[in-house]
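> What follows is a structure written as structure tokens; I'll ask about it next.
The values are calculated or read from the model by the stated rules, or taken from the named source; none is laboratory data. Just so it is clear, the model here is predicted, and its values are computed rather than measured. Cβ: placed from backbone, ideal geometry, glycine included. Neighbour counts: every protein chain shown.
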Amino acid sequence: MKRRMIVNSFSLSLLLVVFASVVPAIHGQSKDSAHVAGLLSEAKTEAVQLKFDANELKSFTRSQLSWKSHASKVTEIKEHVNKSGELLTQMMNAKSEGSPWQQQAIERIQPLLKDLADTVESTIDNLNKHPEHLMTSPYKAYAESNAALAENLVQVISDYVEYGKAKNKSEELADRLEVPGN
């Protein structure tokens, strides 16, 4: 009888181990990816710089700076957008290893960055075609759109990065306190 209890106990333990590893996958509660978290942090840093430059370009529309100054700033913005695009590509490639909230972050960043890239491209086209019209409505609207979209991008990425940090801190505390269910 004792032998049977040991076998049943062992079987039950094995079943619990298997079940414990399957349940998180069923509910999508996979562990956060450190790689994706790092890419999100890099994207935040790049987006903050992008926002700064986009706001600076916006301020240029209220000054008498030359078209060369505008072109130089737009080139910096374009470089930040391109770098952000490279980071997004890396995130898309690593998306499957990310937790559900990280996958959601990537999905939300993608259209924002595309909109920003389109607006920057329109800004460049406008500047190339009409370098003498830096104080006109179309160019000012492009500069304002760049700044607004960059602000939006920074906010979304920052919120997800902060969520990840808070989630990790909460999980660390739960482990340290041995809170049930973790």
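> Evaluate the stretch 133-141: report whether one residue or more is touching a residue at least 24 places away in the same chain (Cβ under 8 Å), in the same structural domain as Phe52 (by TED's automatic domain parsing) and small (Gly, Ala, Ser).
no
> Oh, and also: Going through the stretch 107-160 one residue at a time, which ones are among the hydroxyl-bearing types (Ser, Thr, Tyr) and in a helix (DSSP H, G or I)?
Within the stretch 107-160, Thr119, Ser122, Thr123, Ser137, Tyr139, Tyr142, Ser145, Ser158, Tyr160 meet the criteria.
> May I ask you to verify whether Ser145 is under 21 Å from Asn55 (Cβ atoms), hydroxyl-bearing (Ser, Thr, Tyr) and touching a Lys or Arg at 6+ places or on another chain (Cβ under 8 Å)?
No; evaluated as a whole, the condition is false for this residue.
> Among the residues of the stretch 76-103 satisfying the criterion of being small (Gly, Ala, Ser) and within 18 Å of Asp32 (Cα to Cα), which is surrounded by the fewest Cβ atoms within 10 Å (Cβ to Cβ)?
Among them, the one singled out is Ser96.
> Run down Glu56, Glu86, Glu107 and say which single residue is out of contact with any His (no Cβ under 8 Å at 6 or more places or on another chain) and either among the aliphatic types (A, V, I, L, M) or more than 25 Å from Gly164 (Cβ to Cβ) (or both).
Of Glu56, Glu86, Glu107, the one residue that is out of contact with any His (no Cβ under 8 Å at 6 or more places or on another chain) and either among the aliphatic types (A, V, I, L, M) or more than 25 Å from Gly164 (Cβ to Cβ) (or both) is Glu56.
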